[in-house]
Each structure stands twice: as structure tokens, then as C-alpha cells.
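First the structure, in the form of C-alpha cells, and then the observations on it.
The values are calculated or read from the model by the stated rules, or taken from the named source; none is laboratory data. Just so it is clear, the model here is predicted, and its values are computed rather than measured. Cβ sites come from the backbone with ideal geometry, for glycine too, and all protein chains shown count toward neighbours. What goes into the accessible areas is simple: the full protein's heavy atoms, side chains included, and nothing from ligands, DNA or RNA. Shrake-Rupley method; radii C 1.70, N 1.55, O 1.52, S 1.80 Å.
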Amino acid sequence: MSRSSHAVAAIAAGVLVLGLGLLAGRADVTLLGVPLLLGAAWSGRPGAWLAAPPTGVDRTHVVTDDRPGAPGELTATLHLDPPPGTEVAHARVSAPGHRSTEVLVAARPRPLDLRLRTVRTGPQQTFRADVRGHGAGGTTVTDVVTVVAPDRVVLPTAMPLGRVPLPRRLRGLTGPHTARRLGDGGELRDVHPFVPGDRLRRVDWRTTARRSPDLDTLYVRRTYATAEATAVLVLDSRDDVGPDLRTWRGTGDQRVDEATSLDLARHAAASVAAALVASGDRVGLEDLGRSRHPVPPASGRRHLRRMLHALALSHPVGSPARRLRPPRLPADAIVYLLTTALDDEPLALVRAWRAHGHPVVVVDTLPDVRPAHEEHMRLAWRVTRMERDDRLRHIAAEGVPVVRWAGPARDTAPVALEALVRAGERHAGAPPPRVASGGRPR
């Protein structure tokens, strides 16, 4: 606890005026210093100078709110608990990338709700509060108490999608889709004479009575089997770039109101994973920035939560070693590659996967880059953009679909995925439906 700055200034001014009056022998000047000294002691209200100064320990703390709120919104509660003798509490709350906010409240145990919005995902620094208490009349102040809220892991949100492409061949003994092979399902294939291995409950007695009145031959109803699809999301987390070219060198801070390439990739992966899990399919995750700990394909809401957490923790780790071979994938799995296509390595992996029979969908996650004012940056970006456009043009010419997931194209991504599904149905001659829906089937 110490005296406030204005109280010290009033005392210093009073002593200075009083001293000058005494040295000059001017009683009128000397009397001018008396009100300043009395005002510093009186502090604007009767009896304030008799009040006890703040004593005790300031127990102010921050409690984070882990309950799910609005997308992109982080909340916490600042619990003020100033020491006895404090009249007013002055709090300054700040967060990286946000303007600080100050508030002056009556000093008593009370909660203050904190809230901020961000489009960034992954580990994020949140609230920092600097609290200082003022004593009676503002003549004394307490030491500044700084409380910092723990970092939060912001999970990516999923955008509702319609149908998304699935592999041509399905796996598993059961699932939400109709396969081409015989098995237990709901779609009739044909009526066939009974053979060893057929179940008696499959016998069609009406057909048997019509075709074989003497019951020499039994006829059974055969159906298509059901199966599930397997998809692997391959996240290119080797770089994380934003719309500002000046931050690509790693020297500047990314703005919290602008999504980076990794934020867009997390959002796209979460959207596709949610659509697949909602339809009962299996989905896994591979990270090109890390060669260990992939998320194996599975299904279910708990697995989706595990996927979202793994996506949020993905980040660039130094300079990753060049892969000698592509990540191992389950047989007949479709690959969703989420990349910025700023180099040739991801597209080389696309060609390797296609050579092994895996269909691939490339999701372009580079944000819309703002024009640079510096001549050298403008020239470097022009060359980089031309090389990147050539890569995407060549990969599209080889039959690999490219879906843009940034800027205005992000809102039309569900339409682009639906167009890919319909194109696959026309190419296959409209076989039994093999699409995943993120909600009600269309």
C-alpha cells in the first residue's frame, strides 16, 4: 500500500508554496499552501483521513468458463476480492490482439464477466487483468495485482455440409451405405434358388409356392449388403500463413480477426469429419508436419471430439524432414488433402496415392492474400502465386478435384462437394447411393 500520485502531488505543491511564502516573507502566499496540505489529508470528504488504509491480501483471481458458447467466443469470470479498507477497484483487462478495457467499480467481492471474440483456432492466450485498489478519498493505492487466465485450446467449428465424396469401394460387414456384394441389407437384389449358406428366414414362400408347387426348390430373397466408407484427412500443417505477406517470415503477429491457412484447414477438416461421422462412416487424420501419432479411422461422436482436439493441437514444428514415402492409408480409403500448395511435396503425395488406387480431393486452404506495398514482396508473391497456380492446374488436369476453402469460395464449398458427388454418380452409372450426409439425406 502506498500514497496515490495525486495525493503526493498535492502534498509536494503545498510544501513548495508554503516554503516560498516563508522565504519571501509573504503571509498571503504562505496561506495558499495550507489548503493544499489540508486537501491532501482531507481527500474530499470529512473523516477520510481518519479511515484505515487498505490492509490484507488481494485475493482477485480469474476463472475460465469451459462451457461451450457461441462459435469463436471465449468467456471467463474475474472475481474481485480487494482487501478491507479499499473504496474503489480499478481493473484493466487486455488480451493479445485486442484493445484493453478499463473499468472502475466499487470495491467489494464481486464477479466481472469477460468475453472476447476470435476467428483463430488452436492454443490461444486469453485474458490478463491488472487490478489496483484505491483507499479512502483516493489518497492511498494498493500494489497492482496481475492475474492471467490460462491458455485455452479453441476447437474448430464445423460448417454444415450436404453430401461429400466417398470412395468407390466400401469396406466392412455393415454400415450406412448399400454395397454391391450380397449380404444382409434392405435393398432387394433378386430372388434365387436356395443354396447352402442361405438363411431360412430369407425364404420367400410366395415365390416358392408359385414357382415350385411341390416344394422341390426353395427360393430366397437376396439383398445387397451394407458397408461403411473410410476417409483419411491429411492436414498439411508445415506452414501457417495469413493474408498479410509481412507475417510470412515469422516476425510479425497474426491478427486475431483474420483466419490463417491452418485455421481454414482445421475448419474444413472439422466440417468434412462431422459430415462423415454423422452418416456413420469412418474417418482418420494424418499430419504431414508430424510423422507420428496419427488418428486411426473410427466413427462416433467421441472419435469426432478426438479428431477436433488433434486438429486444434496441430501446428508447424520447425522444418519437417522430407517424406520418403506417403503416409500409409487403409485400403480403398478416400483422401482429403488440406494444403496451401506452396511447394511440390503435397502434390507429389497426391500422385503416389492415386497410383495406389486412392481417390483424392484437394482442399485449397490458402487465404486471400492482400497486396503488398513493398516492391520486393510484390515481386516475390507474384512468382509464388504463378508457381502455385501451375501446380493446382496440373493436378486438376490429372483428374484430381480442387475445392477452394477461403474467401467467398468458402461459402460455396458445400455446393462444390455436392457437384463432385453428382459427377461421380453419373460416371458410375448411378449405382446404389454411396454418399455421406451431414444431416438429413437429400
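Whenever a residue of the stretch 134-148 is within 11 Å of Ala89 (Cα to Cα) and of a type in the set (Ser, Thr, Tyr), its partners that are outside any strand (DSSP E or B) and at pLDDT below 80, lying with C-beta atoms within less than 6 angstrom and at least six residues away or across chains, give the pairs Thr142/Met1; Thr142/Pro54. The sole residue among Arg354, Arg305 that is open to solvent by 40 Å² or more (accessible area, probe 1.4 Å) and either on the phi > 0 side of the Ramachandran plot or within 18 Å of the chain's Cα centre (by Cα) (or both) is Arg305. The set of residues in the stretch 403-424 being aliphatic (A, V, I, L, M) and open to solvent by less than 60 Å² (accessible area, probe 1.4 Å) consists of Val403, Ala406, Ala409, Ala413, Ala416, Leu417, Ala419, Leu420, Val421, Ala423. Count of the stretch 233-249 residues, restricted to those that are closer than 11 Å to Val369 by Cβ and touching a helix residue (DSSP H, G or I) at 6+ places or on another chain (Cβ under 6 Å), is 2.
Residue count for the stretch 243-258 under the criterion of being in contact with a Pro (Cβ under 6 Å, 6 or more places away or on another chain) and not acidic (Asp, Glu): the result is 1. Of the listed requirements (1) open to solvent by less than 10 Å² (accessible area, probe 1.4 Å); (2) in contact with a Phe, Trp or Tyr (Cβ under 9 Å, 6 or more places away or on another chain), His267 misses just one: (1).
If the condition is being in a loop (DSSP other than H, G, I, E, B) and either surrounded by fewer than 22 Cβ atoms within 10 Å (Cβ to Cβ) or touching a Lys or Arg at 6+ places or on another chain (Cβ under 9 Å) (or both), then the stretch 280-294 contributes Gly280, Leu288, Gly289, Arg290, Ser291, Arg292, His293, Pro294. Arg115 satisfies every condition listed in (1) modelled with pLDDT under 90; (2) open to solvent by less than 80 Å² (accessible area, probe 1.4 Å); (3) part of a strand (DSSP E or B) except (2).
Given the structure, is Pro167 modelled with pLDDT of 90 or more and open to solvent by less than 20 Å² (accessible area, probe 1.4 Å)? Judged against the criteria, Pro167 is not a match. In the stretch 70-95, the qualifying residues are those that are within 39 Å of the chain's Cα centre (by Cα) and over 20 Å from Arg128 (Cβ atoms), and the one that is modelled with the lowest pLDDT is Ala70.
Residues checked against (1) under 30 Å from Ala310 (Cβ atoms); (2) among the charged types (D, E, K, R); (3) loosely packed, with under 15 Cβ neighbours inside 10 Å; (4) touching a Leu at 6+ places or on another chain (Cβ under 9 Å):
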| position | (1), (2), (3), (4) |
| --- | --- |
| Leu78 | no, no, no, yes |
| His90 | no, no, no, yes |
| Val103 | no, no, yes, yes |
| Pro109 | no, no, yes, yes |
| Gln124 | yes, no, no, yes |
| Arg128 | yes, yes, no, no |
| Arg132 | no, yes, no, no |
| Val144 | no, no, yes, no |
| Arg152 | yes, yes, no, yes |
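If you go through the stretch 246-264 and keep only what is within 12 Å of the chain's Cα centre (by Cα) and open to solvent by less than 20 Å² (accessible area, probe 1.4 Å), you end up with Thr260, Ser261, Leu262, Asp263, Leu264. Residues that are touching a Lys or Arg at 6+ places or on another chain (Cβ under 8 Å), touching a residue at least 12 places away in the same chain (Cβ under 8 Å) and more than 13 Å from Leu337 (Cα to Cα) within the stretch 233-256 comprise Gly242, Pro243, Asp244, Leu245, Gln254, Val256, listed in sequence order.
Tell me whether the stretch 9-23 contains one or more residues that are within 51 Å of the chain's Cα centre (by Cα), assigned to a helix (DSSP H, G or I), over 30 Å from Val256 (Cβ atoms) and modelled with pLDDT of 60 or more. Yes, some residue in the stretch 9-23 is within 51 Å of the chain's Cα centre (by Cα), assigned to a helix (DSSP H, G or I), over 30 Å from Val256 (Cβ atoms) and modelled with pLDDT of 60 or more. Taking the conditions (1) of a type in the set (A, V, I, L, M); (2) closer than 20 Å to Leu161 by Cα; (3) in contact with a Ser or Thr (Cβ under 8 Å, 6 or more places away or on another chain) in turn, Val256 satisfies each one other than (2). Pairs meeting the criteria (first residue in the stretch 354-383 and under 26 Å from Glu398 (Cβ atoms), second residue among the hydroxyl-bearing types (Ser, Thr, Tyr) and assigned to a loop (DSSP other than H, G, I, E, B), beta carbons under 8 Å, at least 6 apart or on different chains) are Asp364/Thr340; Thr365/Thr340; Leu366/Thr340; Pro367/Thr260.
Taken across the stretch 321-335, residues that are modelled with pLDDT under 90, open to solvent by 70 Å² or more (accessible area, probe 1.4 Å) and among the small types (Gly, Ala, Ser) do occur, with at least one present.
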